[in-house]
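Below: one structure, written as structure tokens.
The values are calculated or read from the model by the stated rules, or taken from the named source; none is laboratory data. Predicted model, so just to flag it, every value in this text is computed and none were measured. Please note: Cβ atoms are built from the backbone with ideal geometry, for glycine as well, and neighbour counts cover all protein chains shown.
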Amino acid sequence: MTFWSIQILNGLSLAMLLFLLASGLSVIFGLMRFINLAHGSFYLLGAYAGLSVIRVTDSFWAALVLAPLAVAVIGVALQRLLLHRVQSNELAQVLLTFGVLLVVSDLSLWIWGGLPQTLSRPAILEGSWRWGGIVFPIYRLALTITGIVVAIAIWLFLERTRIGAIVRAGVDDEEMVRGIGVNIGAVFSAVFAVGAGLAGLAGVLGGAMLGVYPGADFEVVLQAFAVVVIGGLGSLRGAFIGSLFIGMVDTLGKSLMPDLALFTIFVPMVAMLAIRPSGLFGRA
Amino acid sequence: MMQRVLRCRASRRPGRCRYWWDQYSADNQGANDMMRKFAAATVVAAVAAGTSWGATAQETVRIGVLGPNTGPYAVIGEEVKNGFEMFFAEKGNKAGNVKVEVLFEDDQAKPDVGMTKAQKLVERDKVAFLGGVVSSSVAYALRDYAVNQNVPLVVTVASADGLTQKQAAPVIFRTNSSGSQASHPFGKWLADQGYKRLVMMAPNYAMGYEQTGGFARTFTAAGGKIVKSLYPPLGAADFGPFLTAFDPKQADALAAVFAGAEAIKYVKQFSEYGLKGTIPLVGTSLLTDDLILAQQGDAAIGITTAMHYSSALDNPENKAFVDAYQKRYNRTPTFYSEGSYVGARVIHDALVARNGDTKDKPALLKAMHDVDFVAPRGRFRFDDRNSPINDIYVFRVEKEGGKLVNKPIAKFDSISQFYTWTPEAFMAMPDYASVANDWAK
């Protein structure tokens, strides 16, 4: 019983980290039909920016606010200056954003070096939480709760606000939204900023849990794509369910069959592509 | 030129070229071929001449050192570099009367990258020795290349057993411990301390299998039982799922071997999941080397490990070494930097013995094999297969004067890579990698 409770908590904390990444990726694709491999760069930049902020201000909370903002600004700049040029060409999108991923990866290696580093956490998030026979790191618990709060906030934003309505309309029929006089370009940029900011937030939170090191960007972008493939592109609900699924499968797979650790999340992804290419909640 | 000729042939009207220079190249095709051959011959001649110059003018001996600058073992790569750098700096970059130049390359702890970098060092930079190497996978990948090129390879960190056992060769040397060398006496010692059941955890490649296999073999021989073995992938970001995959009540100790950044994360997460205080953590000193101890913090106190060196060893050579290292790099040396420092000395002493001659390979290799000196760890000499015979210590992490140290609490004298077995009997047993999943059966 204890074993399963801890594994489920482990799975949830990984799932929430993945959700922060995948939600942005999925909504950006749904709205703009844009395949953004550079999403992994936003994660890496968020983590490294957080590291620098902590070094200067010695405050994790400052990093939690400033780093995602910085990444959002970088994201918008990237979208306005570079990515919008290949808006309607999918092959060019993949190639260009992969190029950006490589460039950012090398720039970070140059700026922050190759040593794996960990973002230091505030004292109240250190230590572990005990309840009955269960011992669980407080930080992971906090991360799980943060993920759920962010998920509810995004959902409320999309369902209950005017901008959310425009975004949803844009996902369904971009031309019609443009036709009724909405400046869809501005909406695109705003969504891109939010998506990049969420990935940056995931970077800070993940950097304090798993550490930040060269190559982390590739690892997370792979996992985020697995989530999006399973959940379905363009669907927030899909991103949430997909994250839960991948988080649980990965965690349980690792603890029950450690030999297959590298394997556990990609088998469901391949199976999904073969059986239902549009994912659980995606539209064909 | 070829392209222009083609373009001419492809022009719409046969026999006519679109541009006058196409016509020109087409007309001179024969002459161009001649030019090309001549140029190629010149290049070949120049290269041939170049190599012969290189072979005669050997005033400077070059040593190529490989180690990772990126990834989980980047910290260790730096230690390797420091060890070589400091030794030759102390000698004024000379070995006797020859100048020595050390070249460093980043192998990223990946076999393919290590191979490319080794080829670059040997074939382009003409190094006379290869040294360093942190990942056992890289070491195994380089073994055949070093043998074929007849370039001495002095492995100073990678613990790959096979290099000095079934795959031993006169050009392959090791200056640290083989993978299972420290584990063998330690497994027996654990059984002697009254531990009956072990859970083992290590990364899923040669190093992890050999280091945990070493204690599994002697621990089970002394009546102990391996309850479970877990091998997370190298570079696993999160040990949470693995640390919670066993019931601490099932075992008397958790034996884990992780290195570099992974070891820092592992020890911290061990404590976060409430295992510290519930089950003792033991392993080889990779888990708590002197450099990462500071980053692991108090979570590391009480961890018991085995190895041939820690900066806390009490002897005059070590004191001098630690002081010099401390002064130069402002941190405590580890068995990684000591091994590399000793590796540099093996090369240096052989060069001095041979008066800087690297041409006569058999004599050079014999000079390397015959080195015998007092290193910071104590006496250093090779066994018949170029692996050192080391005194192995059991260390316990303790806080001394506000600083964490690996304090020696037990010692086993003159342990070879074969422990109490004869080389033949040991090598007749199956490799640790192939029985990794059988210990818990």
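Among the residues of the range A:275-284, is there at least one that is away from chain B (no Cβ under 14 Å) and part of a helix (DSSP H, G or I)?
Yes, some residue in the range A:275-284 is away from chain B (no Cβ under 14 Å) and part of a helix (DSSP H, G or I).
Within the range B:226-248, does at least one residue satisfy the condition of being charged (D, E, K, R), farther than 28 Å from A:Gly207 by Cα, away from chain A (no Cβ under 13 Å) and over 24 Å from the mean Cα position of the chain (by Cα)? Can you show your working first?
In the first step, residues of the range B:226-248 are kept if they are charged (D, E, K, R); the result is B:228, B:238, B:247.
With the extra rule that they be farther than 28 Å from A:Gly207 by Cα, the set shrinks to B:228, B:247.
Subset that is away from chain A (no Cβ under 13 Å): none.
No: zero hits.
Going through the range B:227-252 one residue at a time, which ones are surrounded by fewer than 23 Cβ atoms within 10 Å (Cβ to Cβ) and part of a strand (DSSP E or B)?
If the condition is that a residue be surrounded by fewer than 23 Cβ atoms within 10 Å (Cβ to Cβ) and part of a strand (DSSP E or B), then B:Val227, B:Lys228 are the ones that fit.
Might you check whether a residue that is over 28 Å from B:Ser434 (Cβ atoms), assigned to a loop (DSSP other than H, G, I, E, B) and out of contact with any Lys or Arg (no Cβ under 9 Å at 6 or more places or on another chain) occurs anywhere in the range B:187-194?
Yes, that holds for at least one residue.
Listed here are the residues, each with its yes/no results for (1) more than 14 Å from chain A (Cβ to nearest Cβ); (2) part of a helix (DSSP H, G or I); (3) of a type in the set (S, T, N, Q); (4) within 14 Å of B:Ser337 (Cα to Cα).
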position	(1), (2), (3), (4)
B:Val61	yes, no, no, no
B:Asn69	no, no, yes, no
B:Val75	no, yes, no, yes
B:Phe84	yes, yes, no, yes
B:Gly92	yes, no, no, no
B:Phe104	no, no, no, no
B:Ala109	no, no, no, no
B:Ala118	yes, yes, no, no
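All but one of (1) within 14 Å of chain B (Cβ to nearest Cβ); (2) surrounded by fewer than 18 Cβ atoms within 10 Å (Cβ to Cβ) hold for A:Arg168; which doesn't?
Here A:Arg168 meets the rest and fails (1).
Going by the conditions given, is B:Leu190 buried (at least 21 other Cβ atoms within 10 Å of the Cβ), in contact (Cβ under 8 Å) with a residue 24 or more places away in the chain, outside the structural domain of B:Asp161 (by TED's automatic domain parsing) and over 28 Å from A:Leu260 (Cβ atoms)?
Yes.
Just checking: which of the strands (runs of 3 or more DSSP E) contained wholly in the range B:351-436 hold 1 or more residues that are buried (at least 21 other Cβ atoms within 10 Å of the Cβ) and not assigned by TED's automatic domain parsing to the domain that holds B:Asn97?
Counting at least 1 such residues, we get B:390-400, B:403-415.
In the list B:Thr212, B:Thr218, B:Thr278, which residue meets the criterion of being surrounded by fewer than 23 Cβ atoms within 10 Å (Cβ to Cβ), touching a Ser or Thr at 6+ places or on another chain (Cβ under 8 Å) and in contact (Cβ under 8 Å) with a residue 24 or more places away in the chain?
Going through B:Thr212, B:Thr218, B:Thr278 in turn, the sole match is B:Thr218.
With away from chain A (no Cβ under 14 Å) and either farther than 16 Å from B:Ser434 by Cα or surrounded by fewer than 24 Cβ atoms within 10 Å (Cβ to Cβ) (or both) as the only criterion, which of B:Val151, B:Val134 stands out?
Working: B:Val134 fails: away from chain A (no Cβ under 14 Å).
Answer to the check: B:Val151.
Among the candidates A:Leu25, A:Leu12, A:Leu44, single out the residue that is within 14 Å of another protein chain (Cβ to nearest Cβ), under 22 Å from A:Leu244 (Cβ atoms) and not basic (Lys, Arg).
Exactly one residue qualifies, and that residue is A:Leu12.
Quick one: is A:Val267 assigned to a helix (DSSP H, G or I), without any contact (Cβ under 8 Å) to a residue 12 or more places away in the chain, over 23 Å from A:Ala142 (Cα atoms) and not polar (S, T, N, Q)?
yes
Which residues, taken from the range B:266-312, are of a type in the set (A, V, I, L, M, F, W, C) and touching a Lys or Arg at 6+ places or on another chain (Cβ under 7 Å)?
Those that are of a type in the set (A, V, I, L, M, F, W, C) and touching a Lys or Arg at 6+ places or on another chain (Cβ under 7 Å): B:Phe270, B:Leu291, B:Ala299, B:Ile301, B:Ala312.
Spot the failing condition for B:Ile279; the list is (1) over 29 Å from the mean Cα position of the chain (by Cα); (2) facing another protein chain (nearest Cβ under 8 Å), and only one is missed.
Of the numbered conditions (1) over 29 Å from the mean Cα position of the chain (by Cα); (2) facing another protein chain (nearest Cβ under 8 Å), the odd one out for B:Ile279 is (2).
Answer yes or no: is there a residue in the range B:118-130 that is within 30 Å of B:Ser414 (Cβ to Cβ), crowded, with 23+ Cβ neighbours inside 10 Å and either modelled with pLDDT of 95 or more or not assigned by TED's automatic domain parsing to the domain that holds B:Ala202 (or both).
Scanning the range B:118-130 turns up at least one residue that is within 30 Å of B:Ser414 (Cβ to Cβ), crowded, with 23+ Cβ neighbours inside 10 Å and either modelled with pLDDT of 95 or more or not assigned by TED's automatic domain parsing to the domain that holds B:Ala202 (or both).
Of all residues in the range A:1-26, which are surrounded by fewer than 24 Cβ atoms within 10 Å (Cβ to Cβ), assigned to a helix (DSSP H, G or I) and aliphatic (A, V, I, L, M)?
Within the range A:1-26, A:Ile6, A:Ile8, A:Leu9, A:Leu12 meet the criteria.
Name the residue, out of A:Ser120, A:Ser105, that is within 14 Å of chain B (Cβ to nearest Cβ), part of a loop (DSSP other than H, G, I, E, B) and under 29 Å from A:Ala62 (Cβ atoms). So that I can check it myself, show each step before the final result.
Details: A:Ser105 fails: part of a loop (DSSP other than H, G, I, E, B).
Among A:Ser120, A:Ser105, only A:Ser120 is within 14 Å of chain B (Cβ to nearest Cβ), part of a loop (DSSP other than H, G, I, E, B) and under 29 Å from A:Ala62 (Cβ atoms).
Regarding the range A:178-190, can at least one residue be identified that is part of a loop (DSSP other than H, G, I, E, B), closer than 19 Å to A:His84 by Cβ and of a type in the set (A, V, I, L, M)?
Checking the range A:178-190: at least one residue is part of a loop (DSSP other than H, G, I, E, B), closer than 19 Å to A:His84 by Cβ and of a type in the set (A, V, I, L, M).
Looking at B:Ala294, B:Ala261, B:Ala299 in this structure, which one is more than 11 Å from every other protein chain (Cβ to nearest Cβ) and either without any contact (Cβ under 8 Å) to a residue 40 or more places away in the chain or part of a helix (DSSP H, G or I) (or both)?
Sole residue among the options that is more than 11 Å from every other protein chain (Cβ to nearest Cβ) and either without any contact (Cβ under 8 Å) to a residue 40 or more places away in the chain or part of a helix (DSSP H, G or I) (or both): B:Ala294.
Taking the range B:291-324 only, how many residues are of a type in the set (Gly, Ala, Ser), surrounded by fewer than 19 Cβ atoms within 10 Å (Cβ to Cβ) and within 19 Å of B:Gly378 (Cα to Cα)?
3
Over 23 Å from A:Val71 (Cα atoms) and in contact (Cβ under 8 Å) with a residue 60 or more places away in the chain: does that describe A:Ile246?
Against the criterion (over 23 Å from A:Val71 (Cα atoms) and in contact (Cβ under 8 Å) with a residue 60 or more places away in the chain), A:Ile246 qualifies.
Take the conditions touching a strand residue (DSSP E or B) at 6+ places or on another chain (Cβ under 8 Å), over 19 Å from B:Leu364 (Cα atoms) and charged (D, E, K, R) and apply them to B:Asp125. Does it pass?
Taking the combined requirement at face value, the residue satisfies it.
Residue by residue through the range A:55-89, note down the ones that are in contact with a Leu (Cβ under 6 Å, 6 or more places away or on another chain) and either assigned to a loop (DSSP other than H, G, I, E, B) or over 21 Å from A:Ala224 (Cα atoms) (or both).
Scanning the range A:55-89 gives a single hit, A:Val86.
In the range A:8-29, which residues are more than 14 Å from A:Val227 (Cα to Cα) and in contact with a Leu (Cβ under 6 Å, 6 or more places away or on another chain)?
Once the filter is applied, which keeps residues that are more than 14 Å from A:Val227 (Cα to Cα) and in contact with a Leu (Cβ under 6 Å, 6 or more places away or on another chain), the range A:8-29 yields only A:Ser13.
Which residues, taken from the range B:325-344, are surrounded by fewer than 16 Cβ atoms within 10 Å (Cβ to Cβ) and assigned to a loop (DSSP other than H, G, I, E, B)?
Selection gives B:Asn330 alone.
Quickly run through the range A:123-140 and pick out the residues that are assigned to a helix (DSSP H, G or I) and within 11 Å of chain B (Cβ to nearest Cβ).
Going through the range A:123-140, the residues assigned to a helix (DSSP H, G or I) turn out to be A:123-125, A:138-140.
Those that are assigned to a helix (DSSP H, G or I) and within 11 Å of chain B (Cβ to nearest Cβ): A:Leu125, A:Ile138, A:Tyr139, A:Arg140.
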